[in-house]
Each structure stands twice: as structure tokens, then as C-alpha cells.
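In what follows, a structure is listed as C-alpha cells, so that the remarks can point back to it.
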Amino acid sequence: MIATQPDPVRIMAPVTQTQDEILTPEAVRFLVKLSTKFESRRRRLLEARHTRQREIDEGWQPDFPAETAEIRRASWKVAPIPADLMDRRVEITGPTDRKMIINALNSGASVFMADFEDSNSPTWKNIIEGQINLRDAVNGTITYTSPEGKYYEPCENPAVLMVRPRGWHLVEKHFLVDGEPISASLFDFGLFFFHNARNLIRNGTGPYFYLPKLESRHEARLWNAVFLAAQDQLGISRGTIRATVLIETILAAFEMDEILWELREHSAGLNCGRWDYIFSYIKKFRNHPECVLPDRSQVTMTKPFLASYVELLVATCHRRGAHAMGGMAAQIPIKSDPEANRAALARVREDKLREVWAGHDGTWVAHPGLVPLARQTFDTYMPFPNQLDRQVSSNTTAGHLLLTPHGTITSDGLAINLDVGLRYLAAWLDGNGCVPIYNLMEDAATAEICRAQVWQWIQHGAVLQDKRVITHSLVHDEIGRTVEKLRGQVPEHQLAKAAYLYNEMLADHEFPEFLTLRAYDYLD
């Protein structure tokens, strides 16, 4: 415990002397002010999510809101883009451990998105040490020496730093304000902003963020209010903060204009968060048998519902003078198999070509080894810093966005979902949220697709290609076989816990909204 913490705060974890440098009394008071001002509003918005889910369960279909039609029709643009964010052709993402930060800053990417969310296991140690590491990166003092003695430090021209706090639905259980856990969004954002905003500005950049899991313009409005309050509190000019919103929920897709409008003073564009978007589609329409999706491998970006989403996002962003960022390439180099590596890189190249031709202003990769390929593709077909001048027309309708992709459900598809889900969850429980599995960098979003698909298949008695009906009994047996196969390959002390949680969530008649929300109780 830190002895100087303000009265309403209890920190439910040991705090080291180094962590004390981040959890200063001034920083803690800043967090308390944010929490006191915005917590009740956050809770109302989460309740609104549950209300909307009940409406969808009862047959309501999302559409573009009639009450905001004037915002969509009107001519307006977001604030001008800061100079160091004009060119974002390749962005690399990853968690906030020290070595990862340095490698990402040195990767040759335009931007590094330091992630407290889907690629991070939110142990207290990971969260607080991540804040320390980012502070050192901003201050230019970050270095790392590996156990083997290899020394790492940032290069002369590192990537521009952006930070992704956790979503509105999550809390930081170790930090209580008036006896209740603080919003994880406010905790992650607040600590980083408090310690680094002024130094970032002094360095010629700014406090830049990615905002995850938004479901409506109202949630964007809350973020905008947080930004205004934080800037005012520190005496920083309004509009200094810039944020890119991940359009990674099906409901947010119907409010892209409105989300940009709410954040227009602070906007840095929208991003196609495609893996979470697929998960959101399953989650929102989970109780509708006509919306059952096929194997994950068949739900590609060429499917009409995803292609329409991309087209609408690019058209919307460019009309408003905002960046339209592409999605994640999760592949990692396969050093042991040159032929498989060539095939994987060909898939990445094809994906990045599709994005640059669609009009995206940049794209994401998960591994430094993919930066040169992604950069070469965008350099070839986007010779300017961005494609904001390229106006893309879109006739996307609600029907296009809601069109369920069809295909087959196979025994291999079921097996891979359980395998990847259990591998990832065991690693996440062990403190690692970014896990290489079968030559893909898996994070919480892809694990959520695996889990949600199996739940949906059980719920609706989907039939495998081999004519077997998917029941919980069948899945339970398959999980048992998968656990035996994984022994020695994943953290053994977490495997049984992961299997228990997976079985529990798949057997629940009510869909557990987030895997990480349920599993968070098991983290230190």
C-alpha cells in the first residue's frame, strides 16, 4: 500500500517503490476526479447496452438512427490531423512489456499502438509496469537487457506512440474508489495522460489514443467529455488529445458519422477492428438461429457483410477528413518452413493490397517481420502520406451490414476453436495476452470468436459436416481430449482452470458477454 493515497482510495495490491512513482498522490487524485465525475455515466451506458441486447433478442434489427440523419447529411469535417499522424501507413500493435515497446518503436512502422486491452493480460503487475515502461519511452530513457545479455534501446526515429486503454465494460479491481473498482478505461487513460501528456507535447507529438469496443455515439460522447475534463485539469489546450476509434462492434457500424461527430475536436479517424467485429456479430445475434456463422476460417474480409463494413468506413472517414485504418495481419514469420512462410506472406500481401485498393490510409500488423511487406504494399499503391483526397462512394444499407455469411461447420473448425481458445486462455491466466498459436498472433478478440462460435453452435444445435449435432456433451468430451493433447505445451498449472472456465461458459444458457470479464476474477 502507498501511505499517501487519498482517503476514498484503497489499493488492493502490494505497491513497489518503482510503482509508487506512477501511483503518486497527485496521479491518484487525478484518477479519483475522473472516476467521481464519470462513473455513474459509464454505468448508465453499460445498462443501455443490456437494454439494446434485449431488444435484439426480441427481434429488433439495427439501422442507421433516424434521429441523427442530419449529422449524416451535413457537410462537416473533424479537426485537422496533427503533422506526426499524417502518415500512418503501417501501425504495429502489442502489449506494454519493455522489450516489446522498444522492438515496436524500432520496427520501421509509422505508429506503435501500446495495448492495455486485447493483447494484454491485465494483471496488476502488467498494468502498472506497462505504465512505467511507457513513461520511460516518452521520456527517452527506456532500455532493456535480456537474460542473455542483449541490449535494447530505441532508435533515432522511433514510431509515433499511441495507447489503447481497456474498454468501458472493464474495471481495475485493484484500485477502489469509495469501495468500488475504478473503470479500467479511466485508470489506463488517466495514468498515461497525467504522467506523459506534457512531455509528449514537448517532444513535438501529443497524447494519442485508440478507443476500443464502443457501441454507440453516446459512448464516444463520454470519451470526449473525459478528454475535455482531463485537458482542463492539467491546463492543456482542448483538442490536443487525438483518438482513433476501433469500429469493432456491429452496432457502432451504424453510427460511424455520429462517432466522428462526437469526437470531432479530438478525432484521428476510425479503424476496422475486424476480429472483434466478427465476435460482436455473433454476440449480438447469438439467439437468432438464422445468424449462425460457419467455421472461423471461412469468415473472410471478402464476405459481403465485412466488405460492406469496410466500404462504409472508408467512405465515411474520407468524407469527414479522417483516417480510415485497415485491420490486423495476425501472421508471424515461419522461420522453420520457408514454403509455409512464403504462403503466409502471400496471404498478408493479398490482404494489404485489398486494403490499400479499398482506400485505407494505413494498416495494422502484429509482428515486426511484417512491417516491410505492409510498407512496400502501401508505398507502391499509396505514394502520398494518406488517401484522404480519395472520395469513395458507398451505398451500404443496413441489410448489407447484417447479411449473415454462409458456409460449413466442420469437425476441424470445432477442434481448432477449442484448441486455440484453451491455449489462449491458459496463457492469459498466466499473464500473457499476446500468444503465438499456429503461426498466428492470437489475442483476446480471436479467442472470443472461438468461444462465441462454439456457444452459438451448441445453442442452436448446429450440424457438423459429418452429420453430428453439436451438443454440450460432444463439446465437453472434445475439450477433455484437447486438454490431454495440450499437456506440456501450455502453462500446466493454468490448463485445468482454463478448461473449467471454458466448459462453464459454454454450458451457460445466458451468453457470458466477455471471456476476459469472467476470467478476470482468476487474475492476480
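State which residue is farthest from GLY362 (Cα to Cα) when the search covers only the stretch 235-260 and only residues that are of a type outside the set (Val, Ile, Thr) and in contact with a helix residue (DSSP H, G or I) (Cβ under 6 Å, 6 or more places away or on another chain).
ARG238
For the stretch 36-46, state whether one or more residues are loosely packed, with under 13 Cβ neighbours inside 10 Å and more than 30 Å from GLU129 (Cβ to Cβ).
Yes, there is a match, as at least one residue in the stretch 36-46 is loosely packed, with under 13 Cβ neighbours inside 10 Å and more than 30 Å from GLU129 (Cβ to Cβ).
Would you confirm, using the coordinates I've provided, whether ARG52 is more than 26 Å from the chain's Cα centre (by Cα) and either over 22 Å from VAL226 (Cβ atoms) or in contact (Cβ under 8 Å) with a residue 60 or more places away in the chain (or both)?
no
Please go through the stretch 86-99 and pick out each residue that is surrounded by fewer than 22 Cβ atoms within 10 Å (Cβ to Cβ) and under 19 Å from the mean Cα position of the chain (by Cα).
Step one: list which residues in the stretch 86-99 are surrounded by fewer than 22 Cβ atoms within 10 Å (Cβ to Cβ), which gives 86-87, 97-99.
Result: ASP97, single match.
Looking at the stretch 50-85 only, could you name the residues that are closer than 30 Å to LEU176 by Cα and surrounded by 18 or more Cβ atoms within 10 Å (Cβ to Cβ)?
GLN53
With SER185, SER110 as the choices, which residue is out of contact with any strand residue (DSSP E or B) (no Cβ under 6 Å at 6 or more places or on another chain) and of a type in the set (Ser, Thr, Tyr)?
Details: SER110 fails: out of contact with any strand residue (DSSP E or B) (no Cβ under 6 Å at 6 or more places or on another chain).
After ruling out the rest, the residue left standing is SER185.
Taking LEU23, is it in contact with a Phe, Trp or Tyr (Cβ under 9 Å, 6 or more places away or on another chain) and not in a loop (DSSP other than H, G, I, E, B)?
no
What number of residues within the stretch 410-431 are aliphatic (A, V, I, L, M) and either under 30 Å from HIS318 (Cα atoms) or surrounded by fewer than 20 Cβ atoms within 10 Å (Cβ to Cβ) (or both)?
Of the residues in the stretch 410-431, 2 are aliphatic (A, V, I, L, M) and either under 30 Å from HIS318 (Cα atoms) or surrounded by fewer than 20 Cβ atoms within 10 Å (Cβ to Cβ) (or both).
Does ALA159 fit the bill of being of a type outside the set (D, E, K, R) and closer than 15 Å to LEU523 by Cα?
Numbers: of a type outside the set (D, E, K, R): yes; closer than 15 Å to LEU523 by Cα: no.
Against the criterion (of a type outside the set (D, E, K, R) and closer than 15 Å to LEU523 by Cα), ALA159 does not qualify.
Looking at (1) surrounded by fewer than 22 Cβ atoms within 10 Å (Cβ to Cβ); (2) among the β-branched types (Val, Ile, Thr); (3) under 24 Å from the mean Cα position of the chain (by Cα), which one does THR316 not meet, given that it meets all the others?
(1)
Provide a single number: the residues in the stretch 108-119 that are more than 10 Å from the chain's Cα centre (by Cα), crowded, with 23+ Cβ neighbours inside 10 Å and under 24 Å from LYS150 (Cβ atoms).
3
All of the numbers you see were taken from the coordinates with simple rules; none came from a lab. Owing to the predicted nature of the structure, the values given are computational and were not obtained by experimental measurement. In this analysis, Cβ positions are derived from the backbone assuming ideal geometry, glycine residues included, and neighbour counts consider all displayed protein chains.
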